[in-house]
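First comes the structure, then the notes that go with it.
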Amino acid sequence: MRRLSLMAALTAALFAGILSEPAQARLIKEMQVTRSGKVAVVTEGQASVYRLLLANNKLVVIGDREFFPPATRAALDQAVERKLTVEIVGQMLIFNDQAPVFTLPLGKLDIKDLNPTFTSSPAPAASPGTPAADSGDAAPFKDAKLKFNASVPLGQAIDNYAFFSSRSWKVLGQDKAEFRGEIDLSSITELDSRYVPRLLSKDLRETFKSLTFVAVVTLQGGSANCPDPAVEAVFQDGVKDRLVWKDPPNYYWDKIYRNKKLTVDYFLSKAALNPKYGKGISQPAQ
């Protein structure tokens, strides 16, 4: 209700400003439209504002990022970082003597190529710090090289990754295997995410039972392919969540190959909104 009230107040202020500037300004048409483009973040005064860059080099102001709930903000930040296409629905206001104004109700956006799918029962993750035994002969998968990065074998890149507390392979067929890498919760700090300060505890082990990177790897002509990597979360209360990225796999794999921490803002933002684990959106990120 607070978020909706904020937007209502902003919309009222927008209407008041527009209608009072020239006295003759008059709303002559209002219609619902859809706009697609890439998202950028710009600083306007002390505020960070999302902008939608349209194909014709014009732009639409989406809104101050602080007005969005953490989960939506995390998704938009991913869209900015990964240059994904965002589709938003809003109201186009056309006046008799001014340029059109675009207003966006919160939540009316769809981030293409960022396709979270939720499941109630992902496969159980290994306990932190306990290496799980491989199931089947995973050597062919470990020895293969990803198509987008043939610098080192896949298994070597995974073994060299510093932020998995355990690793396991499960062979699913002659040319298919599943890799599960337990993300080391103790490695995620305030420096990695603005949502950590919004949690009741900085020790993420009090929020999550596990965060696990999951990748189904297939062999094709000696190369490894992984179209849909995911991160699976199990919260301390037993709630399970799973985020699948329908983007090329090189986003996550590139971080693993370069030994960079995986981004888990999506799950941290949901935890921040949950009174069991977080302070909500009233506390500013530090």
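The values are calculated or read from the model by the stated rules, or taken from the named source; none is laboratory data. Being a predicted model, the structure only gives us computed values, none of them experimental. Here the Cβ is made from the backbone with ideal geometry for all residues, glycine too, and neighbour counts use every protein chain on show.
Within region 198-235, restricting attention to residues that are within 12 Å of residue 146 (Cβ to Cβ) and in contact with a helix residue (DSSP H, G or I) (Cβ under 6 Å, 6 or more places away or on another chain), which residue is surrounded by the most Cβ atoms within 10 Å (Cβ to Cβ)? Walk me through it before giving the result.
Within region 198-235, the first condition is being within 12 Å of residue 146 (Cβ to Cβ), and the residues that meet it are 215, 217-220, 222-227, 229.
Still in the running and in contact with a helix residue (DSSP H, G or I) (Cβ under 6 Å, 6 or more places away or on another chain): 217, 224, 229.
Numbers: 217: 24, 224: 27, 229: 23.
If we take residues in region 198-235 being within 12 Å of residue 146 (Cβ to Cβ) and in contact with a helix residue (DSSP H, G or I) (Cβ under 6 Å, 6 or more places away or on another chain), then 224 is surrounded by the most Cβ atoms within 10 Å (Cβ to Cβ).
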Only one residue in 108, 38 is at pLDDT below 75, surrounded by 13 or more Cβ atoms within 10 Å (Cβ to Cβ) and among the basic types (Lys, Arg), so which one is that? 108
Which condition from (1) surrounded by 19 or more Cβ atoms within 10 Å (Cβ to Cβ); (2) over 27 Å from residue 136 (Cβ atoms) is the one that residue 190 breaks? (1)
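Please work out if residue 121 is modelled with pLDDT under 65 and either assigned to a loop (DSSP other than H, G, I, E, B) or not assigned by TED's automatic domain parsing to the domain that holds residue 253 (or both).
When the stated conditions are applied, residue 121 passes them.
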